[in-house]
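Undergrad: Dropping a structure here in structure tokens format, bear with me for questions.
The values are calculated or read from the model by the stated rules, or taken from the named source; none is laboratory data. None of these values were measured; they are calculated from a predicted model. Every residue, glycine as well, gets a Cβ built from its backbone with ideal geometry; the counts of neighbours run over all protein chains shown. Areas reflect the complete protein model, heavy atoms only, side chains present, ligands, DNA and RNA absent. Shrake-Rupley method; radii C 1.70, N 1.55, O 1.52, S 1.80 Å.
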Amino acid sequence: MRLLLLLPFIGLLWVPFYNEELPTLFGFPFFYWYQFAWVPLTSLIIWLVYRDGLKKGVE
């Protein structure tokens, strides 16, 4: 489960992947809304890893 925490790093640190203007979302270029989408997604991933740790008794 802890390997899930690598997803935001991989998704955000590899800039050539999202260094594009298209597709746009509500007038925002892909470059911006892709990064903003990672904020709640990262929070969800952290919560999932935390809950898994609680089930296993890890503090």
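Undergrad: Starting at the first residue of the stretch 4-19, write each ³J(HN,Hα) from the Karplus equation 6.51 cos²θ - 1.76 cosθ + 1.60 with θ = phi - 60°, in whole Hz, x for Gly and Pro.
TA: Karplus values, whole Hz, x for Gly and Pro: 4, 5, 7, 4, x, 5, 5, x, 9, 7, 8, 4, x, 5, 10, 7.
Undergrad: Just to be sure I understand the model, the point goes 7 Å from the Cα along the line to the Cβ. What's the resulting L41 to T24 distance in nm?
TA: 2.2 nm
Undergrad: Hey, any idea what Rg/Rh is for the chain, computing Rh the Kirkwood way over Cα pairs? Could you put the intermediate results ahead of the total?
TA: Working: Rg = 14.5 Å, Rh = 12.8 Å.
Across the chain, the Cα-based Rg/Rh ratio is 1.13.
Undergrad: In deg cm²/dmol and to the nearest 500, what is the mean residue ellipticity at 222 nm of the chain if only DSSP H runs of at least 4 residues count, each as -39500 (n - 2.57), divided by the residue total? List each step's numbers first, then the result.
TA: Working: 2 runs with 35 residues, N = 59.
Only helices count here, giving -20000 deg cm²/dmol.
Undergrad: When the accessible area of the chain is split by element with a 1.4 Å probe, what percent falls to carbon and sulfur?
TA: 72 percent
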